[in-house]
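These notes concern the structure reproduced below.
A short reminder: the numbers here are calculations on the coordinates, not readings from a lab. Worth saying up front: this structure is predicted, and the values here are computed from it rather than measured. For neighbour counting, all protein chains shown are included, and Cβ atoms are generated from backbone atoms with ideal geometry for every residue, glycine included.
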Number of protein chains: 2
Amino acid sequence: MGTEGLRDRKKRQTRTTLVRAAVELATEHGYDNITTDDIATRAGVSTRTFFNYFATKEDAVLNPDPGADDRIRAHITTSPPDQHPLETARTFLHNELTTIDHDHKLWLARLSVIREHPDMLNRAFLSGAATEHTLAEAFADRLGLPADHTYPRTTAATITSAFRVALTQWLRTPGDPTTPALGDHINEVFTLLTHGLTPPARP
Amino acid sequence: MGTEGLRDRKKRQTRTTLVRAAVELATEHGYDNITTDDIATRAGVSTRTFFNYFATKEDAVLNPDPGADDRIRAHITTSPPDQHPLETARTFLHNELTTIDHDHKLWLARLSVIREHPDMLNRAFLSGAATEHTLAEAFADRLGLPADHTYPRTTAATITSAFRVALTQWLRTPGDPTTPALGDHINEVFTLLTHGLTPPARP
DNA sequence: GGCTGTTTGTGCAGTGGCTGCAAGTTTGCA
DNA sequence: TGCAAACTTGCAGCCACTGCACAAACAGCC
């Protein structure tokens, strides 16, 4: 089971090649000005193959991480059961940030594309309704509640929203070392939420 | 200025006719099985005209309310400045519910379409990013904060999320008078949020 | 009632995302 | 080596959506 097999290796490579092609082309010419044909051609495969790997042109740029759901579930079930859900989510997100540092360069390009297309981020989060569902399920399990209970659902929705806001705020001032890091934005948003969104004092 | 003019009247009528056609056809044959041609034909206009009224096939079904943003802004600016934002939003949503009761029949059909296509609801809420922006702006004004401050943005995102969850929960048990009304779900979700999502006791 | 400028409706041709199908090609396995 | 399963590819096609050029309807004015 340790061996991966030639077939799987090729498959993974084709996928990452397509992602790179998509992100590069989008940053070079603008996402709207490239076609799926362009992406496939640069990746050296047929257009039809492109759609065997991605259901959508957007997916090729965003490259949704299929393992994310498992990591989420694992983190939630292994964290202290009486920990506040927002705190559990916060620590999970901080863990993930170190992962992002890996493909640093690819991520910067990807983010520049997203910055030009804010709707894409939104769509990513909501067709990522699957992820939200995973969150709700995991918290429901931990709390001994039914999966469709209002509490875990609200919690899950709030968490994804929170992360989205933090990302949006962070994207406004990218790369500048004097501005807050993404982790700082996450902390700020989650702190607001744990305090029930109590308004700050007037300036 | 009181008179509406024949031109405007016709325009409004064409729009509502298209909406009715879209919703009816979608409920009859399923949203995926109808084309924009079908909708236009039933409405008695050309396909090209359809796209003069709606940017998207989805829009014809959802019929986004262009006046909503103004009502939101008005409600927020006229409500007590020291009122908790979540409470302000809660009362606003309750006001809107009475409006929905007007086109009751159309709304039921629309909801049945949405129930078959949960993604549509999500997309509606996030291409309704415009609405979220309005929310953030209005709260920022009221609090004397800059429009891009994290607090109003988090608040706005949380409110739209909350409403989305309430709607989703409500859609699961529609029309049954023994189950909670939409307003009850809204209350429940907002209560959870004002308490910082404190987990309920284990059952 | 006519005249003129501005909207609104429509046909047409075209782009491009996305899919099903029926091959061909490659890999896994015995 | 030979067979089955998985992967790739070309092709034909659907359909949402757009730009453009022109016809039709309307508003305001004389």
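Tabulated data
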read-out: Pairs from A:K57/B:K105; B:K57/B:K105; A:K11/A:K57; B:K10/B:K105 whose Cα-Cα separation, in the structure shown, is over 26 Å; value: A:K57/B:K105
read-out: Relative contact order of the stretch B:68-194, pairs being alpha-carbon contacts under 8 Å that are 6 or more residues apart, as %; value: 29
read-out: For A:T35, inter-copy label distances in nm, listed shortest first [label point 7 Å out on the Cα-Cβ vector]; value: 2.1
read-out: Diffusion coefficient, µm² s⁻¹, Stokes-Einstein with Kirkwood Rh over alpha-carbon pairs of the stretch B:70-203 at 37 °C and 0.692 mPa s; value: 206
read-out: Value of [θ]222 nm, deg cm²/dmol, for the protein assembly as shown, DSSP H segments ≥ 4, -39500 (n - 2.57) each, nearest 500; value: -23000 deg cm²/dmol
read-out: For the stretch B:29-63 versus the stretch A:65-111, the gap between their alpha-carbon centres in whole angstrom; value: 41
read-out: Distances in nm from B:L171 to the matching label points in the other copies, shortest first (labels 7 Å along Cα to Cβ); value: 2.4
read-out: Per-residue HN-Hα couplings for the stretch B:85-98 [Karplus 6.51, -1.76, 1.60; θ = phi - 60°; Hz; x = Gly/Pro]; value: x, 5, 5, 4, 5, 4, 5, 4, 4, 5, 4, 5, 4, 4
read-out: Within-15-Å neighbourhood charge of B:A124 [Cβ basis; K, R +1; D, E -1]; value: -3
read-out: Neighbourhood net charge (15 Å Cβ-Cβ; Lys/Arg +1, Asp/Glu -1) for A:D32; value: -3
